[in-house]
Amino acid sequence: MKETRKNYPVLFSEININSLTLKNRIALAPMTRTSAEDSGVPSDRMLSYYKRYAKGGFSLLISEGTYPDEMYSQGYLNQPGIANGEHITGWRRITDAVHKEGAKMFCQLMHAGALSQGNIYAEKTIAPSTITPKGEQLGFYGGEGEYPTPEEMSKKEIQQVKEGFVQAAVNAREAGFDGVEIHGANGYLLDQFLTDYTNNRRDEYGGSTENRVRLLVEVCQAVREKIGKDFAVGIRISQAKVNDYTHKWAGGEKDAEIIFSQLNSSGIDFLHVTEYHADAPAFDDNGPSLASLARNWTNVPVFANGNLNSPDLAEQVVSKNEIDVVAIGKAALANKEWALKARDAKEMEEFDPEKFFVPDAKIKNFEL
Ligand SMILES: Cc1cc2nc3c(=O)[nH]c(=O)nc-3n(C[C@H](O)[C@H](O)[C@H](O)COP(=O)(O)O)c2cc1C
């Protein structure tokens, strides 16, 4: 009998992350949907939403950005938390359902810092320095107008933030997650430390690139130390931000070397990089992509995200041996069964922003 050709053999090959085996290289990218209860407890809608991706063949779901503590970390109203017992119980239903469908799930731990525009626990915002963020609050998450000016974090507050991430990782494990992704990207608190223009601290957390990446490294180390060896821990890194799409690291490839090698020695199991186009040059017209720089300076699996919408392109990038796992965002919103469609060579739906971005996050019946 003639053997039928298997579509996308590399995309559909297994990979190990720490002690986990993923059945393919296709992950759901973290996407905030502001659909939790007011208390941050994951809702029934979220349960059926995540279940669809697990049924749809993704080997790994990375949760939407989830706030780690009951202080300054919440960024958006109706964002889920992983900060208390009710949050843990709520997530447990989701991780159980996802596991039943044969997928794994990581919790993305996100501290919004100066970009917080909705927090049920606090009035003020905190950040590395007293600098009003660029741009405006995100309307589709219920915000409007300028961001408030944050207060500069004291050393004690830096310590509290670290402890918050550590406790959240412990909570995530209790909630049945298979790992955590620390959100070091997209303009939120840890990226505010990393970014030159949002950090003018004069202590060991500001100034040089080594100093600006210090807190990210310390958070990864502290989580690893507390959680032990057998739980997947990674971090997400980007140049661009939700309030500054075109930002580039001033030090170019040298910055990439410092940032990635420091993170590599922090005990992480994977590094997730996101760019507008994951396979495009990071700095010049034809230099290496951020993912290939991550590959260069680390010895852990590299996840890459950004416009890897078609299975052909996804297969191509994982075949180059620079990227181990592709994370799919908007194309997955439009195709909850993206992985099965890829496997069976079925046509994909186009992403329609009108369907998924609603101007008022308080409208609770928008499509997830
Ligand atoms: C609705 C929406 C919500 C998002 N929320 C998050 C988030 O919570 N955490 C995060 O790291 N990235 C978030 N992102 C960014 C995505 O993970 C991803 O980087 C981006 O969509 C680009 O990838 P894509 O081209 O595959 O869509 C969000 C993107 C969208 C469209």
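The values are calculated or read from the model by the stated rules, or taken from the named source; none is laboratory data. Given the structure is predicted, the values throughout are model-derived calculations rather than measurements. Note that we place each Cβ from the backbone using ideal geometry, even for glycine, and neighbour counts take in every protein chain shown.
Does region 64-72 contain any residue that is of a type in the set (S, T, N, Q) and either under 23 Å from Asp324 (Cβ atoms) or crowded, with 19+ Cβ neighbours inside 10 Å (or both)? For region 64-72, residues of a type in the set (S, T, N, Q) and either under 23 Å from Asp324 (Cβ atoms) or crowded, with 19+ Cβ neighbours inside 10 Å (or both): present. All of Pro311, Pro281, Pro288, Pro353 fail the test of being at negative phi, within 10 Å of the ligand (Cβ to nearest atom) and either at pLDDT 95 or above or not basic (Lys, Arg) (or both), apart from Pro353.
For Gly164, are the conditions met, namely being modelled with pLDDT of 95 or more and either touching a helix residue (DSSP H, G or I) at 6+ places or on another chain (Cβ under 7 Å) or aromatic (Phe, Trp, Tyr) (or both)? No; evaluated as a whole, the condition is false for this residue.
Test Phe366 against the stated conditions and say whether it is within 11 Å of the ligand (Cβ to nearest atom), in contact with a helix residue (DSSP H, G or I) (Cβ under 6 Å, 6 or more places away or on another chain) and on the phi < 0 side of the Ramachandran plot. No.
Residues in region 194-233 that are aromatic (Phe, Trp, Tyr) and surrounded by 13 or more Cβ atoms within 10 Å (Cβ to Cβ): Tyr205, Phe231.
A residue that is over 14 Å from Leu215 (Cα atoms) and surrounded by fewer than 19 Cβ atoms within 10 Å (Cβ to Cβ) occurs somewhere in region 176-192. Counting residues in region 44-54 that are under 17 Å from Asp269 (Cα atoms), touching a strand residue (DSSP E or B) at 6+ places or on another chain (Cβ under 9 Å) and modelled with pLDDT of 95 or more gives zero. From the list Thr95, Thr149, Thr130, the one residue that fits, being assigned to a loop (DSSP other than H, G, I, E, B), in contact with a strand residue (DSSP E or B) (Cβ under 8 Å, 6 or more places away or on another chain) and modelled with pLDDT of 95 or more, is Thr130.
Here is a yes/no grid of residues against (1) outside any loop (DSSP other than H, G, I, E, B); (2) away from the ligand (no atom under 16 Å from the Cβ):
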site	(1), (2)
Pro9	no, yes
Ser13	no, yes
Gly40	no, no
Ser48	yes, yes
Ile62	yes, no
Gly65	yes, no
Tyr72	no, yes
Tyr76	no, no
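Look at (1) surrounded by fewer than 18 Cβ atoms within 10 Å (Cβ to Cβ); (2) within 16 Å of the ligand (Cβ to nearest atom); (3) in a loop (DSSP other than H, G, I, E, B) and you find that Ile120 fails only one, number (2).
Residues that are modelled with pLDDT of 95 or more and either of a type in the set (Gly, Ala, Ser) or surrounded by fewer than 18 Cβ atoms within 10 Å (Cβ to Cβ) (or both) within region 314-340 comprise Ala314, Gln316, Ser319, Ala327, Gly329, Lys330, Ala331, Ala332, Ala334, Ala339, Leu340, listed in sequence order.
Listed conditions (1) surrounded by fewer than 24 Cβ atoms within 10 Å (Cβ to Cβ); (2) more than 20 Å from Tyr72 (Cα to Cα); (3) away from the ligand (no atom under 16 Å from the Cβ) are all met by Phe140, apart from (3).
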